[in-house]
1. Translational D (Stokes-Einstein, µm²/s) of the chain at 25 °C and 0.890 mPa s when Rh comes from the Kirkwood sum over C-alpha pairs?
2. Restricting to Cα pairs below 8 Å that are 6+ residues apart, what does the relative contact order work out to for the chain? Please round to a whole percent.
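Readers should treat all values here as calculations from the given coordinates under stated rules, not as data from a laboratory. Owing to the predicted nature of the structure, the values given are computational and were not obtained by experimental measurement.
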Ligand SMILES: [Zn+2]
């Protein structure tokens, strides 16, 4: 990776070409899928256990959701590129 989400054109160690990766919307989709499936039930549990003020619940879970999504997004993008490389998808077969 080069920056937060930009994939390098090639690997700085082994020179594997990475410019033909096509992660597109996949990482964002999986990030939302995972984050929502973890935090959705937790939100219900937190509500049932502590009955917090709705604004406290909303603000705290929004912060957790954003932090978790920002943490997962570049890692899942890397995983998508790795999966495409491992399955020889797109231009990876020629390398
Ligand atoms: Zn490499």
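1. Numbers: Rh = 15.4 Å.
Result for D is 160 µm²/s.
2. Working: 67 pairs, mean separation 39.5, N = 95.
Here the relative contact order equals 42 percent.
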